[in-house]
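Scroll down for the structure; my scribbles are underneath it.
The values are calculated or read from the model by the stated rules, or taken from the named source; none is laboratory data. What you see is a predicted model, and the numbers here were worked out from it, not measured in a lab. Glycine also receives a Cβ, built like all others from the backbone with ideal geometry; neighbour counts cover every protein chain displayed.
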Amino acid sequence: MQLSKSMNTEKVTTRLQLRGYGATRYQAEAITKNLTAVANQGRAYAYPVSDVVASIRQYLQRPRIQPATRQILEAVLQALLERLGNVIEVPFGSSTNPEINKLARQLTQARSRTDSALAELKATAATLKAKYNM
């Protein structure tokens with residue numbers, strides 16, 4: 001994957017991965033049509049996951065969207081949100097026991113890393129699924 005230094009931390013996805021998550025070719029193209037690619041993965045353009053999420057949400061606002069399309073796009077949206085791994089900070093300092101605070105913080109960080117790794121594995125699986133049409 002070719003990424004600029006500023007893009008190394010930003011998560012990206014391709015149309016192929018979107019198809020692996022369950023979107024049709026048309027849906028993947030419609031979602032990414034107005035987005036700017038930030039990198040190349042092989043011969044595919046890579047788009048920021050946050051931009052793709054916003055595009056899907058905007059697409060779902062259309063009044064005449066079919067129920068099956070809505071269901072597919074909501075599943076793709078959920079998979080992409082897992083990849084983003086937004087973590088809400090919890091104020092661990094409110095407890096009186098510093099040992100519990102430390103362990104809770106470590107647990108939250110470990111779970112966040114695990115969730116992120118799992119989401120990346122799912123993205124790889126989605127790419128392979130779409131590539132080999134399984």
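In table form, for the structure just shown:
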item: Residue pairs meeting the criteria (Cβ under 8 Å; at least 6 apart or on separate chains; first surrounded by 11 or more Cβ atoms within 10 Å (Cβ to Cβ), in region 106-124; second polar (S, T, N, Q)); result: Ala123/Thr13; Ala123/Gln17
item: In region 120-134, residue farthest from the chain's Cα centre (by Cα) [restricted to those that are aliphatic (A, V, I, L, M) and modelled with pLDDT under 80]; result: Met134
item: Residues that are of a type in the set (Asp, Glu) and over 16 Å from Ala79 (Cα atoms), drawn from region 11-52; result: Glu29
item: First in region 90-103 and of a type outside the set (D, E, K, R) and part of a helix (DSSP H, G or I), second anywhere and modelled with pLDDT of 60 or more and surrounded by 10 or more Cβ atoms within 10 Å (Cβ to Cβ), Cβ under 7 Å, 6 or more apart; result: Phe92/Asn101; Phe92/Ala104; Phe92/Arg105; Gly93/Asn101
